[in-house]
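Notes follow once the structure below has been shown.
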Amino acid sequence: MKKVLLFAALCLATVRANAGLLQNVNYLTDTNSGLDWLYLSETVDRSANDIQSSLQAGGDLYGWTLATFNDLTNLYDAAGGTGPYNNTGGHQTAYNALVTSWGAASDHNRGDEIWAHLSDASTYPSIQDSGVIFYSSGYSRFSTAFSLSSSQYNSIGHALYRTSSFIEVSEPGSLALLGLGVIGLGYVRKKNQG
């Protein structure tokens, strides 16, 4: 019986470890926070001013919200990172998960970095906007003077999120665990009767 319980506990731990980030057609779902994150590739080559107007009613991005650095740290956490993330390194696990799932956008077309505009207050709000760079080395840097608000950058995305419509359903591992529990109960009952 102890072996059955140990096996069931290991199965449950494995199933829960896989929850977190789900890839969709053009966005990433963070099941921990309940947020969808639009792929960075969907917003490259668009100025911050263009994105702001597209977020309004009638715009092609209506329903999405430009993230703050604080919002983004929740996504970093879901990707396996541990903060703080401002001007710190050691976040290789989070970087690896996000560059393959959320996408890479690099100011210098290196393709191995994540560059994204954010909505945090800028040093010069009418001229520049804020943003974050997540380097392939696992180093994360935030800036309030990131880029010119009116310029288009063919390699900088915009960190946009919305409340997810994701509904969690039973996973095959959960069903297997339930089956093991039923088998274990049957075994115990048979042993007690015999």
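The values are calculated or read from the model by the stated rules, or taken from the named source; none is laboratory data. What you see is a predicted model, and the numbers here were worked out from it, not measured in a lab. Quick reminder, even Gly has a Cβ in these numbers, built from the backbone with ideal geometry, and neighbours come from all protein chains shown. Calculation scope for accessible area: heavy atoms of the full protein, side chains included, ligands and nucleic acids excluded. Shrake-Rupley method; radii C 1.70, N 1.55, O 1.52, S 1.80 Å.
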Q) Quick one: which strands (runs of 3 or more DSSP E) sit completely within region 1-58 and have at least 3 residues that are at pLDDT 90 or above and surrounded by 13 or more Cβ atoms within 10 Å (Cβ to Cβ)? A) 27-30, 35-38
Q.
Given the criterion in contact with a strand residue (DSSP E or B) (Cβ under 7 Å, 6 or more places away or on another chain), over 21 Å from Ser165 (Cβ atoms), touching a residue at least 12 places away in the same chain (Cβ under 8 Å) and open to solvent by 20 Å² or more (accessible area, probe 1.4 Å), identify the matching residue among Thr93, Thr68.
A. Thr68
Q | Members of region 102-139 that are open to solvent by less than 10 Å² (accessible area, probe 1.4 Å), outside any strand (DSSP E or B) and at pLDDT 75 or above | A | Trp102, Gly138
(Q) Condition check: part of a loop (DSSP other than H, G, I, E, B), loosely packed, with under 13 Cβ neighbours inside 10 Å and modelled with pLDDT under 90. Does Thr82 satisfy that? (A) yes
Q: All but one of (1) at pLDDT 75 or above; (2) open to solvent by less than 80 Å² (accessible area, probe 1.4 Å); (3) under 22 Å from Asp36 (Cα atoms) hold for Thr163, so report the exception by its number.
A: (2)
